[in-house]
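Working notes for the structure below.
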Amino acid sequence: MRVKNGLVTASVIALSCVTVFAADWYAKETKWAGHDPDIIRYDDGYVLVDTDNHMLIQTSEDALNWENGEPAMPEFSKWLYNYAPNMKDIWAPDIHYIGGEYRMYYCGSEMGIRSSGMGFMSSKEIDPKKPGYGWTDQGEVIHTVKSDSYNAIDAAVLKDLNGRVWMAFGSWGTGIHIIELDETTGKVKNGAKMVNIANRGGAGIEAASLLEHNGKYFLFTSWDNCCKYNDDLENNTYKTMVGRSNKIDGGYVDKSGKALLDGGGTLMMQRYGRYYGTGGGEAFEDINRLRFVNHYYNKPEGGKSYIQVRDLVFTEDNWPEMGQPFMGRYLSAEAEHGILTHVDISSSSKASGGEFVAYINYDDSKIRLPMNIPQAGDYLIRYRYDNNWTDNGANGSSHFVDINGKTQEVKLPLTGAWSEFPEKSIVYIPTKLKRGSNFIEITKGEHYAELDRLDFLRIIRDTIPGNGFDNGIRLRLTDKDEMAIRDGGYAIYENVITDSIVGSAVNVEMKQCAGGTLEIRKESKKGDVISKCEVPTSCGADKWMSVKCSNLPKLEGIQDFYVTASGIADELLVGNIKFSEAEPEEDTTTTKLATLPYAENMVYDSRTREVRLVASERWALLDVNGMVVKSGVGKVVDLKSVRSGVYVVRTMRNSLKVSVR
């Protein structure tokens, strides 16, 4: 693989076009029914709770494939009937780890009235398989009666940066209120005063969710009408809004500066395509990203509600945007789930996810794709489109693609069909992406083309940073931004272009070693082992130790890498995963390498770090990207000043590949 000035050359793009993609590019929605959902992350995955099922505990390892457990409240607590005698089920649970235990706040109410009660249940464990699991009702926290101007439903609990615990709540009427809780008891703190923090003058606002990010507090709410079905589905106008404040208990404004107390709010998500009423959501913290779970009403099924799990992607001025609903791939984006302006969503069995974006035909047509990318560096964007004809008989069309403020026109050769997306309907866009928030915008270029999907492919040469994982279990990022993995854990690194890896030798940086095994597998957590590392019994906690692992086999194309841990006593810190040229089998001090032709007249002395030529001639030293590091004339090429790595020494007649250590 050759890279020049940060741009991948055409030969790399041609190579990638014929390699097999790591996983089936064709996404299929995994529907999971739910309404007013909330999710909490724990070591082995996720717990989901939602409305109208006795607070059923649902678990998943990947936030995509869910399993039903047992209800936390098989029989409704009797005290709820004091305020909602005709209640049908529990609404909108909100789950957190606070006060050394898991707490699930809930409400009982009746549709259309303000006589409601909120309480919470507690459990020492969140994993149903572990000792200490079991929910105990702790009773009432707060209630309202019919004559109140606010409603005690839809709890949203958060501990602020000063260690104080707060609960926002409310529905319609005077809107959203907040009150301080006692962390020890989980109930209203003695002397606490309720404060109104968002008000639409009686219009619909509810489903509060609180989040802190970079010193600011964010209040997410749902506006207007939910819960409309079948013939009344068109009146389902639910949408997700947000405001921001410097303090948790008031002062929230939208992006324009309008106070939420005066009806302000910035739109984050509303109906698009068949996805009606995108709201009722909660923000939650994952191990390396912030996310948001919401419900939507599926039009083809008369409004049956399903959940979506999305990334929250923050702009440079610290405002959140909604990322993609998770459909099984972290480094992929379905065009129809972007932020859409003056385009249409169309259906096709040949499109990924069964949907694509059409009619990107106008000057103001736009698809905006906010993406969280855990690893900074060079990428290829696999851009799936189709087109069939042009106004003037040209051989193709184009889109303008803006990536983090840098715009390029991407030429799109004719594919010969609309809505079909044949395998040839792909171009590759070389780019650099940042760690964290990235924003891609697609607008009309010449003529017309439809857009299906983008995949972000990692160009890996000599390093995968350990902390650049996409997700996994039994791992975390430390306060020093280092990956810590425990026994039985794994970390996922999607879409690795293996053709660009410089060599088969593998070394992994480690700290806090205490024995065990680290393995790199391909395609899944149980996939083939492609490198195995024996973790030392000791390596210190302050300085990285480079641990040699087994060499990679021959790899081709795009693969998902999984780093798995077994036999780890506590936590192992993992730094960079380094690739380099493997040592030759003959272990001699002076090594002649013949991996390139015509190297017979050049020899590398590893003791002196010099390449010796038979005769004096002009030479150049190139790195693995084909860039000239140094050049000169003579019989000796001195490599003492260059960094460790793989290089090529070239003369007019000869080439020699050397590994400098």
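With the condition kept exactly as written, say whether any residue in region 235-245 is open to solvent by 20 Å² or more (accessible area, probe 1.4 Å), part of a loop (DSSP other than H, G, I, E, B), modelled with pLDDT of 95 or more and within 19 Å of LEU340 (Cα to Cα).
Step one: of region 235-245, the residues open to solvent by 20 Å² or more (accessible area, probe 1.4 Å) are 235, 237, 239, 244.
Those left that are additionally part of a loop (DSSP other than H, G, I, E, B): 237.
Filter once more, so that each one left must be modelled with pLDDT of 95 or more: 237.
Next, only the ones that are within 19 Å of LEU340 (Cα to Cα) stay: 237.
Yes, the conditions are met somewhere in region 235-245.
Considering each of ASN395, ASN404 in turn, give the residue that is open to solvent by 60 Å² or more (accessible area, probe 1.4 Å) and either out of contact with any Ser or Thr (no Cβ under 7 Å at 6 or more places or on another chain) or small (Gly, Ala, Ser) (or both). It would help to see each step written out before you state the result.
Numbers: ASN404 fails: open to solvent by 60 Å² or more (accessible area, probe 1.4 Å).
Just one listed residue meets the conditions, ASN395.
Of all residues in region 338-375, which are in contact with a helix residue (DSSP H, G or I) (Cβ under 8 Å, 6 or more places away or on another chain), in contact (Cβ under 8 Å) with a residue 60 or more places away in the chain and not aromatic (Phe, Trp, Tyr)? Before you say what the answer is, go through the steps one by one.
Start the filter on region 338-375 by keeping residues that are in contact with a helix residue (DSSP H, G or I) (Cβ under 8 Å, 6 or more places away or on another chain), which leaves 345, 347-348, 353, 355-357, 367, 369, 374-375.
Filter once more, keeping what is in contact (Cβ under 8 Å) with a residue 60 or more places away in the chain: 345, 348, 353, 355-357, 367, 369, 374-375.
Of everything in region 338-375, those that are in contact with a helix residue (DSSP H, G or I) (Cβ under 8 Å, 6 or more places away or on another chain), in contact (Cβ under 8 Å) with a residue 60 or more places away in the chain and not aromatic (Phe, Trp, Tyr) turn out to be ILE345, SER348, GLY353, GLU355, VAL357, ILE367, LEU369, PRO374, GLN375.
For region 614-661, please list each of the strands (runs of 3 or more DSSP E) lying entirely inside it that holds at least 3 residues being surrounded by 18 or more Cβ atoms within 10 Å (Cβ to Cβ). Please lay out each step first, then the result.
Values: elements: 628-638, 645-651, 655-660.
Correct list: 645-651, 655-660.
Can you tell me which residue in region 90-115 is farthest from the chain's Cα centre (by Cα), limited to those that are on the phi > 0 side of the Ramachandran plot and without any contact (Cβ under 8 Å) to a residue 60 or more places away in the chain?
Step one: filter region 90-115 for residues on the phi > 0 side of the Ramachandran plot, giving 92, 99-100, 112.
Then drop every residue that is not without any contact (Cβ under 8 Å) to a residue 60 or more places away in the chain, which leaves 100, 112.
Numbers: GLY100: 28, GLY112: 37 Å.
Filtering first and then ranking leaves GLY112.
With region 503-582 as the region, which strands (runs of 3 or more DSSP E) entirely inside it contain at least 3 residues that are under 28 Å from the mean Cα position of the chain (by Cα)?
Working: elements: 505-511, 517-522, 529-534, 545-549, 558-566, 571-580.
Strands (runs of 3 or more DSSP E) meeting the threshold: 505-511, 517-522, 529-534, 558-566, 571-580.
Select from region 33-45 the residues that are buried (at least 19 other Cβ atoms within 10 Å of the Cβ) and either assigned to a loop (DSSP other than H, G, I, E, B) or in contact with a helix residue (DSSP H, G or I) (Cβ under 9 Å, 6 or more places away or on another chain) (or both) and list them in ascending order.
Within region 33-45, GLY34, HIS35, ASP36, PRO37 qualify.
TRP91 - would you say it is buried (at least 19 other Cβ atoms within 10 Å of the Cβ), in contact with a Ser or Thr (Cβ under 8 Å, 6 or more places away or on another chain) and under 28 Å from ARG474 (Cα atoms)?
Against the criterion (buried (at least 19 other Cβ atoms within 10 Å of the Cβ), in contact with a Ser or Thr (Cβ under 8 Å, 6 or more places away or on another chain) and under 28 Å from ARG474 (Cα atoms)), TRP91 does not qualify.
Starting from region 325-337, take each residue that is more than 12 Å from ALA63 (Cα to Cα) and list its partners that are of a type in the set (S, T, N, Q) and open to solvent by 20 Å² or more (accessible area, probe 1.4 Å), counting only C-beta distances under 8 angstrom and pairs at least six apart or across chains.
Once the first residue is more than 12 Å from ALA63 (Cα to Cα) and sits in region 325-337, its partners that are of a type in the set (S, T, N, Q) and open to solvent by 20 Å² or more (accessible area, probe 1.4 Å) give SER332/GLN324; ALA333/GLN324; GLU334/GLN324; HIS337/GLN324.
Select from region 117-146 the residues that are of a type in the set (D, E, K, R), touching a residue at least 40 places away in the same chain (Cβ under 8 Å) and open to solvent by 10 Å² or more (accessible area, probe 1.4 Å) and list them in ascending order.
ASP137, GLU140
If you check ARG476, ARG458, which single one turns out to be part of a strand (DSSP E or B), over 21 Å from GLU334 (Cα atoms), in contact (Cβ under 8 Å) with a residue 24 or more places away in the chain and of a type outside the set (A, V, I, L, M)? Outline the logic, then answer.
Details: ARG458 fails: over 21 Å from GLU334 (Cα atoms).
Only one candidate passes the filter, namely ARG476.
Quick one: in region 46-65, which of the residues that are of a type outside the set (Val, Ile, Thr), surrounded by 19 or more Cβ atoms within 10 Å (Cβ to Cβ) and within 25 Å of MET483 (Cα to Cα) is nearest to the chain's Cα centre (by Cα)?
Only one residue fits best here, namely ALA63.
The values are calculated or read from the model by the stated rules, or taken from the named source; none is laboratory data. Computed from a predicted structure; not experimentally measured. So basically every Cβ, Gly included, is an ideal-geometry build from the backbone, and we count neighbours across all protein chains shown. Each accessible area value is taken on the protein alone, full model and side chains, heavy atoms only, with ligands, DNA and RNA left out. Shrake-Rupley method; radii C 1.70, N 1.55, O 1.52, S 1.80 Å.
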